[in-house]
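Student: First, the structure itself, so that you have it in front of you.
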Amino acid sequence: MNRIQQKLQEDKKLLSLYFTAGYPAINDTLSILTQLQDNGVDMVEIGLPFSDPLADGPTIQASSTAALNNGMTTTLLFEQLKDVRKTIHIPLILMGYFNPMLQYGVEQFCAKCQEIGIDGIIMPDLPLAEYETDYKAIFEKYGLINVFLITPQTSDDRIRQIDAASDGFIYMVSSASTTGNISGFGNTQSDYFKRIARMNLKNPQVVGFGIKDAQTFAAATEYQKGAIIGSAFIKHITENGAESVAEFIKKIR
Amino acid sequence: MTYQADDRGYYGDFGGAFIPEMLYPNVEELRSQYVQIMQEPSFQEEFKQLLKDYVGRPTPLYYAERFSKKYGTKIYLKREDLCHTGAHKVNNTIGQILMAKRLGKNRIIAETGAGQHGVATATVCALMGLECIVYMGAIDIERQAPNVARMKMLGATVRPAMSGSRTLKDATNEAIRDWINNPVDTHYIIGSVVGPHPYPDMVARFQSVISEETKKQLLEKEGRENPDYVVACVGGGSNAAGLYYHYLDEPEVGIIAVEAAGKGIDSGESAATSALGREGIIHGSKTLLMQTDDGQITEPYSISAGLDYPGVGPMHAHLFRSGRGEFISVTDQDAMTAGLELSKLEGIIPAIETSHALAIFETRKFKEDDVVVINLSGRGDKDLNTFIEYFDL
C-alpha cells in the first residue's frame, strides 16, 4: 500500500503543507521537509516551480519566479531528493504544471519519482480525459497516485467520474479561485463541504485554497479528511525565514 | 484526411484542453454549445448583419498591380486593414460577443499585447453595453499608450499584468486567472486561435469569413476560387487561420505561414516558433512553443507586438509538422523595409505584423502566372511611431 493510502486510514484529521521547491533559497528543500515532519505534518506537496502558473495567485507565483531565478529545475529537484527517504517517512506528493513533466518525459519523470520514493502527483492542468487516455497506465506502472481537483462548480456527475478515477484522495478546492485569494470561509463553503460529504465518495477528500489558521483548518476538516495549506505557509516563510516552520504549525494545531 | 480540428479539438498531435479543473465548467459549457449556437439561423443572421453594417464587410480583394510587377507574379491583397478598428481582430470579437450573450454572460474579459484585440473587444462591449476588462502587460501599457487610451474611451477597464515578463503571455495568464475567479457571469474572449479547445476552432470559424469571401472574389476576378498560394503572418495565427480555413483541404492551394525572426533565428531575440519551439503546453493547448530544456516558457522577441507570442495555434503547429504549410521567417529589418515598400508602391501603409508576410518576395520566388493572395491583416496607423523611429522619418 502506498504511503498516501496508509496515511488516509489513520483516525485523525490530516494536515498537509505545500511549499515551492527552491524557495526562499535553492537548498532549503530538505530542511523544510525535515521541519515539517518534525512538527507533525502528515503529508507534503512539494511544488515544482513553473514560469506560467495559471491556477496560482500572487504569493505562489512570486515564490515560483524566485525559485526559478534561484536556478531550480526538475533535474535539480530530483537530485536534492535522491536520499530523502533515509530521513523523511511521511507521504510526499509532487505538485506542478504539466509542461515541465512533459519535457522531462512523462515515463522518465514517473520512474524517477518511484526511485526517490514520491507517492503521488498533482498536476492541475492535466485533465481527467487526457490522463485516462494517455498517461494513467504510466502513473500506475510506477505506483504513483494521481490526485484530481474538484471545485464548487464541478457537477455531481463529474465528481463521480473523478472519484472513480482516483485511488487516494480528492483535492477539494474550497471556492472558485486561484490560490491564496480567499479571506475566509462562509456559508457557501460550509454548504459545499456538507454537500460533498453527503455524496459518500469512495475517496476521502482533502480541502485546499483558503486555509491559513486554526479556525479555517477546523472549518475545512469538519466534514472532510484533511486540509492543505499553501499560500499562507509561503507567506510565513517569506516573512520569517525558512527555519521558522514550527512557529507556523503551532498556529494551526 | 482533413486539416480541421477533430471533435476533441486536436489538429493531428496538437490542441486539446489542458486546463485546471477550476476552468472546466466554463470551457465545457462553451465546448458543448459553440457549434450549435453558431449554426442557429438567428445567430448567423445577426453575425452577418454586423459584419456587413458595422465592420464594413466584405473587405475588398485588391489586385496589387505595381507590387505584382515588381516581383513578377500576381499578388492580391485581402484588405482586412479596412475593417472597423483597423484589423481582422474584430471578426472574432463580434462573433464571441454574440456567443457570450447567448450563454447569458454579462462580464467580458480579454488579453491584449499591442492592444489591437483589446480595442476590438472594448469596441464590441461598447456596442452591446457589456462590462469589459482587458488585461495587458505593464510593459505593453507603456509601449502602446494610444491603444490604452482607445480602450478607455470605449469604456473598458485596462488592468496591468504585473507578473512574469509583464507582456502578452502574462496578460493571458492574468485573464485566465480572472476567469477562474469569476466562473459564472464571465466570458473570456481570446484573441487568437490559441488556448484550450474549443477556442482555436471557434476563433478560426469566426475568422473563416476571410477565405469565404476570398473564394467568391477570386472567382469573379480570375475565374477560379482557388489561388496557387495563400500567405499570412503568424503570431498566434488568427488572421492566417481565417485566410487558410476554406483552403486547408484543397491540396492545390499552397499555404505559406510567415513568422517573425526578430533579429534573426539564431540571435536569441526571435519569435519564430516553428523553428525554435518544441511540443509542449501553453495556455491550455498542446502545441509548439518556445521554452527552456526544463519546460519553462521563454520570452520571444519581435519588433511587431502582434507576433510576439512564444507559442502558435495548434492548427499551425499541425500544418508545420505535417508539411502542409510552408513556414518562412522574416527579420525585423526585412519586414520594416517591405512595409515601407508597399506604402510607396500601392499607397497602403500596412501593420508591421502584415509587413512580415509582404517581405517574403525577396527570397521566395513565384511563377509569373501564379496567383498569390496575401492577408493584409491590419493597417499601420498603430505602428506609426515605430516606423518614424526606425526610418527616422
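Student: Which entries of A:K86/A:K225; A:K82/A:K225; B:K52/B:K89; B:K74/B:K215 have Cα-Cα distances beyond 20 Å here?
Tutor: Flagged as over cut-off: A:K86/A:K225; A:K82/A:K225.
Student: If the cut-off is 16 Å between C-alpha atoms, which aspartates and glutamates fall inside it for A:K250, apart from same-chain ones fewer than 8 positions away?
Tutor: Counting by Cα, and skipping residues close in sequence, A:K250 has these aspartates and glutamates nearby: A:D38, A:D42, A:D213.
Student: B:K263: which lysines have alpha carbons under 25 Å from its alpha carbon, excluding same-chain residues fewer than 8 sequence positions away?
Tutor: Within reach: B:K169, B:K344, B:K365, B:K382.
Student: A follow-up question, please. Among A:I90, A:I170, A:A219, pick out the residue whose Cα is farthest towards the positive end of the charge dipole of segment A:13-250, where Lys and Arg carry +1 and Asp and Glu carry -1 on C-beta, about the Cα centre.
Tutor: Toward the positive end, the furthest listed residue is A:A219.
Student: What is the distance in Å between the Cα centroid of segment A:19-48 and that of segment B:104-147?
Tutor: Each part reduced to its Cα centre gives a spacing of 41 Å.
Student: Let me confirm one metric for peptide A:87-98, namely the mean number of other chain beta-carbon atoms within 10 Å of its residues' beta-carbons.
Tutor: 1
Student: Evaluate 2.2 N^0.38 Å with N set to the residue count of segment A:136-202, then give the Cα radius of gyration divided by it.
Tutor: Here the Cα radius of gyration is 1.25 times the empirical estimate.
Student: Quick one: what does P(r) look like for segment A:13-250 with 5 Å bins over all Cα pairs, in whole %?
Tutor: Using 5 Å bins, I get a P(r) of 1, 6, 15, 19, 21, 19, 12, 6, 1, 0 for segment A:13-250.
Student: Local charge sum around A:K136 (other residues, Cβ-Cβ under 11 Å, Lys/Arg +1, Asp/Glu -1)?
Tutor: Around A:K136, the surrounding residues sum to -4.
Student: Averaged across B:269-280, how many Cβ atoms of other chains sit within 10 Å of each residue's Cβ atom?
Tutor: 1
Student: Then there is this: Assign unit charges at the C-beta atoms only (+1 for Lys and Arg, -1 for Asp and Glu), then state the dipole size of segment B:130-176 relative to its Cα centre in Debye, rounded to the nearest 20.
Tutor: Result for segment B:130-176 is approximately 100 debye, rounded to the nearest 20.
Student: Across every pair of different alpha-carbon atoms, what Kirkwood hydrodynamic radius in Å does segment B:202-355 reach?
Tutor: That comes to 16.1 Å for segment B:202-355.
Student: Across bins of 5 angstrom width beginning at 0, how are the C-alpha pair distances of segment B:270-393 distributed, in whole percent?
Tutor: Reading the bins upward from 0: 2, 10, 18, 20, 18, 14, 11, 5, 2, 0.
Student: Quick one: dipole size for chain B, taken about the Cα centre, charges +1 on Lys/Arg Cβ and -1 on Asp/Glu Cβ, in debye to the nearest 20.
Tutor: Dipole of chain B, to the nearest 20 debye: 720 debye.
Student: Okay, moving on. In deg cm²/dmol and to the nearest 500, what is the mean residue ellipticity at 222 nm of chain B if only DSSP H runs of at least 4 residues count, each as -39500 (n - 2.57), divided by the residue total?
Tutor: -12000 deg cm²/dmol
Student: Placing unit charges on C-beta atoms (Lys and Arg positive, Asp and Glu negative, everything else neutral), compute the dipole magnitude of the protein assembly as shown about its Cα centre in debye, rounded to 20.
Tutor: 1100
Student: Equivalent ellipsoid semi-axes for segment A:86-190, as square roots of 5 times the alpha carbon gyration tensor eigenvalues: give them largest first, rounded to whole Å.
Tutor: Values for segment A:86-190, descending: 26, 17, 13 Å.
Student: While we're looking at this one, here's another question. Below 12 angstrom from the Cβ of B:A171, what's the summed charge of the other residues (Lys, Arg +1; Asp, Glu -1)?
Tutor: So the surrounding residues net to -3.
Student: Between Rg and the Kirkwood Rh of segment B:137-201, both from Cα atoms, what is the Rg to Rh ratio?
Tutor: 0.98
Student: Among all helices in chain B defined by DSSP H, which have a length of 15 Å or more along the axis from Cα atoms plus a Kyte-Doolittle mean of at least 0.5?
Tutor: Counting only whole DSSP H runs, the qualifying helices are B:116-128.
Student: Continuing with this model, one more query. For B:M99, B:M1, what's the fewest-to-most ordering of other Cβ within 10 Å of each Cβ?
Tutor: Ascending number of Cβ neighbours within 10 Å: B:M1, B:M99.
Student: While we're looking at this one, here's another question. Out of A:G96, A:G57, A:G210, any idea which swings most in a Gaussian network model of chain A, alpha carbons joined below 10 Å?
Tutor: Greatest mean-square fluctuation among the candidates belongs to A:G57.
Student: OK, next. Determine, at each q value in 0.11 (inverse angstroms), the log₁₀ of I(q)/I(0) that the Debye formula gives when each Cα of the protein assembly as shown is one equal point scatterer.
Tutor: -1.04
Student: Further question on the same structure: Ignoring trypsin sites (Lys or Arg not before Pro) that are buried or in helix or strand per DSSP, and keeping those with at most 14 other beta carbon atoms within 10 Å, what is the longest stretch of chain B between them?
Tutor: Here the longest run is B:9-223.
Student: Oh, and also: Could you list B:L289, A:L201, A:L36 so that the one with the fewest beta carbons within 10 Å of its beta carbon is first and the one with the most is last?
Tutor: Fewest to most other Cβ atoms nearby, the residues stand as A:L201, A:L36, B:L289.
Student: Just tell me how shielded A:43-53 is by partners: mean number of partner chain Cβ atoms within 10 Å of each residue's Cβ, no decimals.
Tutor: Other-chain Cβ atoms within 10 Å of each residue's Cβ, averaged: 4.
Student: Please compute the volume of the convex hull spanned by the alpha-carbon atoms of chain B and report it per residue in Å³.
Tutor: 128
Student: Sort by residue number and name the cysteines in chain B that have no neighbouring cysteine Cβ under 4.7 Å.
Tutor: B:C83, B:C233
Student: Once every DSSP H run of n ≥ 4 in chain A is given -39500 (n - 2.57) and the sum is divided by its residues, what mean residue ellipticity at 222 nm do you get, rounded to the nearest 500 deg cm²/dmol?
Tutor: -12000 deg cm²/dmol
Student: Please order A:F193, A:F169 by the number of other Cβ within 10 Å, starting at the fewest.
Tutor: Taking fewest neighbouring Cβ atoms as first place, the list is A:F193, A:F169.
No value in this document is a laboratory result; all are computed from the given coordinates. Bear in mind the structure is a predicted one, so any value in this text is a computation, not a measurement. Glycine also receives a Cβ, built like all others from the backbone with ideal geometry; neighbour counts cover every protein chain displayed.
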